[in-house]
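Each remark here refers to the structure printed beneath this line.
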Amino acid sequence: MVDQKDVQGFILRAYGNMRFTRYLLLHIDDAALARQWLTKMSGLITCGTHFPETTCINLAVTCPGLRVLGMQEDNIRSFGREFREGMATEHRQRMLNDFGESDPAKWSWGGSTNGGTTDMNNIHLMLLLFAKTGELMNEYYEEVTADLATAGVSIIKTFETNMLDSNKENFGFTDGISQPVIKDIGEDESNTYNVVATGEFLLGYKNEYNVFPDSPFIRSEQGDTNLLPTDAAGSGLKDIGRNGSYLVFRQMEQHVDRFWEYMNENTKAADGSVDEAGSIKLASKMLGRWPSGAPLTKFPDKDPFPGGNCEDNNFGYKDDASGHGCPFGSHIRRNNPRDAFEDNDPKLSLSLTKKHRIIRRGRSYGEPFAGDPTNYKPVGEVGLHFMCFNSDISKQYEFIQHTWANFPRFQNLYNDPDPINGALENVKNECEQNFTIQAEPVNKCITNLKSFVTTRGGAYFFFPSINAISYLGTL
């Protein structure tokens, strides 16, 4: 069983009662003071068995942060390659489709060519603050930042998010529904579509391959290794990764106006007016759920809860093998094919897709806004602070983005990237970006997809266990 007292709580829970969030990117100015502060913080971090009513706090560290704290290179090399290299490399730019306005050179933070304090090499730590109300957040923020004044760190960027009471994201759809259940942590495991091996999300436990994922070990003795567990696989090395995870963070601007204008244009009535029902249906076909969250594979014709919320996540696609309910290329189907992956039977499909699941922890930023066909112009920039946890960034997050979301030939399609976040804003004249809706007697093709999302920044973090945070204070 998982020692939940050693796991940071944000991996196990979304803190749904904490509606206000601030993420603080930190630079280490004085490593010795920062290590002392980390030792203190290890006793304050919200863990998996802590269910606070007012505020929460968690912490993440980057690879440059480990170096500044004093970790030896031999130990750093045991961390995952993706974490060590970072998100803004040329290789990952191609893999994650970060071109045009999403080019890391144009990011406001996390890129490698900005030449400023928000370059990836200058981002060392991130504090994640959560509060139940805005007033509590302001008070908590003042308390935390006052403590930072003597911690040897400085704040280089702050992100603020506010969750809508309806749990809608900016395009207007209920969000945060499809989450895996981590095996053996005491949750309801009756939904077999979503029960996934612990080692897919927490290092130090067996994954869906029934092996231990690569975990960072202390290969060169340094710090108080008595604070760390020994490798469960039997190598005898101290495991700094156990009960931790890797955190992916991307700031993604959502072009709500462009999204709904595209839906309206492709469904307009004969007289040129907006067909609201048709616009919503097309948008839902692209997403794979209705605005309420109801899955298309169960409700293919209309939203059963208009204006409401539906958190039904107990479904598969084997009974919708034709894609007539939920199209093959829809956002949620291609990012989690469940029990109908390519030509495999349901059991094998589930086995394959479970090897590529992530725990999503995204929250919207900007003006609290939920768009629709007639209300789609928020004030200022709005978007999603996308976050996810996985024990293998390459096999999970990057695989999903590259092989399922961005690949135009997914599931026997041809020119179909992910319709929500896979299309590029500028393509060559001979290239097409379409969305195919399976139908009888012939499929319907929606042409000239637009780019509805632009990446504004991002980074890969290590999300250490409570014990590992204590250990970092002893380097």
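The values are calculated or read from the model by the stated rules, or taken from the named source; none is laboratory data. Just so it is clear, the model here is predicted, and its values are computed rather than measured. Every residue, glycine as well, gets a Cβ built from its backbone with ideal geometry; the counts of neighbours run over all protein chains shown. Accessible surface areas use protein heavy atoms only, side chains included; no ligands, DNA or RNA. Shrake-Rupley method; radii C 1.70, N 1.55, O 1.52, S 1.80 Å.
Net charge dipole, the chain: roughly 560 debye, given to the nearest 20, about the Cα centre with Cβ charges of +1 for Lys and Arg and -1 for Asp and Glu. For the chain, the 222 nm mean residue ellipticity estimated from helices alone, with every DSSP H stretch of n ≥ 4 adding -39500 (n - 2.57) and the total spread over all residues, rounds to -5500 deg cm²/dmol. Scalar couplings 3J(HN,Hα) for the stretch 225-234, obtained by applying the Karplus form with A = 6.51, B = -1.76, C = 1.60 to θ = phi - 60°, are 6, 5, 7, 10, x, 8, 3, 5, 7, x Hz; x denotes Gly and Pro. In sequence order, the stretch 141-147 has phi-based couplings of 4, 4, 5, 5, 5, 5, 5 Hz under the Karplus curve 6.51 cos²θ - 1.76 cosθ + 1.60, θ = phi - 60°, and Gly or Pro positions carry x.
A viscosity of 1.567 mPa s and a temperature of 4 °C, combined with the Kirkwood radius over C-alpha pairs in the Stokes-Einstein formula, give the stretch 325-475 a diffusion coefficient of 72 µm²/s.
Within the straight-line cut-off of under 14 Å between alpha carbons, the aspartates and glutamates reachable from Lys268 are Glu276, sequence neighbours fewer than 8 places apart in one chain being disregarded.
If you roll a 1.4 Å probe over the heavy atoms of the protein chains, what accessible area per residue do you get for the stretch 31-76, in Å²? Mind dumping the intermediate values first?
Working: 1710 Å² over 46 residues.
Per-residue value: 37 Å².
Each of Ser220, Ala233, Gly199 was placed along the dipole of the stretch 150-256 (beta-carbon charges, centred on the mean Cα), and the one lying farthest toward the positive end is Ser220.
Over the chain, with every protein chain in place, what whole percent of the accessible area is carbon and sulfur at 1.4 Å, could you tell me? Could the numbers behind the result be given before it?
Details: 9210 of 19100 Å².
Using a 1.4 Å probe with all protein chains present, the chain comes out at 48 percent carbon and sulfur.
A straight line joining the Cα centroids of the stretch 71-92 and the stretch 321-349 runs 33 Å. Sorted on the mean count of surrounding Cβ atoms within 10 Å across their residues, most packed first, peptides 441-450, 316-325 read 316-325, 441-450.
Legend: distances between Cα atoms for Lys106/Lys285; Lys318/Lys377; Lys168/Lys298; Lys318/Lys450; Lys395/Lys444; pairs beyond 28 Å are Lys106/Lys285; Lys318/Lys377; Lys318/Lys450; Lys395/Lys444. Computed over Cα pairs, the Kirkwood radius of the chain leads via Stokes-Einstein (0.890 mPa s, 25 °C) to a diffusion coefficient of 106 µm² per second. Among residues other than Tyr209 with Cβ under 14 Å from its Cβ, the summed charge is +2 (Lys and Arg +1, Asp and Glu -1).
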